[in-house]
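Report on the structure given below.
The values are calculated or read from the model by the stated rules, or taken from the named source; none is laboratory data. Since the structure is predicted, the reported quantities are computational estimates derived from the model, not experimental observations. Cβ: placed from backbone, ideal geometry, glycine included. Neighbour counts: every protein chain shown.
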Amino acid sequence: MTTFATEGAVDARRHASHIQPAAIEEPPALDVTDLVALIGHELCTPLTTISAAMELIESAQGQRPNALTATVRRQIARVLALFEASLRAAEIVGGGRVDRDARASVPDVLERLRDAWPASEQRLRLRVECAPSVPPVAMEARALEILLNNLLVNAFKHSGGMQVTCAVEECRGRVHVTVSDDGRGIPAHLRKTMFELGARGDARGGSGLGLYVARKLVRAFGGDLRLVPACRGAAFLVTLPVGEPYGPSGEQPS
């Protein structure tokens, strides 16, 4: 058998076999906040262009916005707003500083979420039980919107039910928000890990981020999120500290 290795090369290989391989530096992982910002930038530009194009088409045709085009533009605005809120949520989940002076209205956020729910999903009924006198919570509005949106999407898409109920009440200086559904419920073997990063249910689909992000957000503002017993389906209880009342003018902070 012919060999092409010289004696010096053989000695070099023997010497190298006794040397511990140098540690290979892993490239730094992409920060979650940067990832959300990147996705938002790539998608927001075409969405904004589509919205502007629709306005130009209507203007050229001398038409007033009809129900269909108004719905499309409203949903585009909704997606853009969710991207902005998601970016802030990513900062908080990643350990960013939170605004301890922030306040948010749970009824207002729920109303926006209900109005924005896609027409194709209207067969899934959202019922809100909330007294107008419920005080604001000590949480940033964008974070509260992502928190509640994640819980609603989780219930609508994965419960298999037909109705989701949001019950809001004040109890001993805290606001309680119970999001419940009339679906199949959560199997016992999934309950211990359901709030962990990447956890998914038995059904296909889902990112494994919804409940993980929701709990991280609410705990960042001194609250909590947990699964509570339900007669049917699944029920999640959000507890948040009450914020200071709004000023005399009733104006909410931005």
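Annotations for the structure displayed:
- In region 88-184, counting only strands (runs of 3 or more DSSP E) that sit wholly within it, the ones holding 3 or more residues that are on the phi < 0 side of the Ramachandran plot and in contact with a Gly (Cβ under 8 Å, 6 or more places away or on another chain) span 174-181.
- Among the residues of region 150-197, those that are of a type in the set (D, E, K, R), over 18 Å from LEU110 (Cα atoms) and surrounded by 13 or more Cβ atoms within 10 Å (Cβ to Cβ) comprise ASP182, ARG184.
- Contact map, region 150-172: first residue under 16 Å from LEU211 (Cα atoms), second residue among the charged types (D, E, K, R) and surrounded by fewer than 16 Cβ atoms within 10 Å (Cβ to Cβ), Cβ cut-off under 7 Å, separation 6 or more or different chains; pairs are PHE156/GLU121.
- Flag not set for PRO187, criterion: outside the structural domain of PRO132 (by TED's automatic domain parsing) and either at pLDDT below 90 or acidic (Asp, Glu) (or both).
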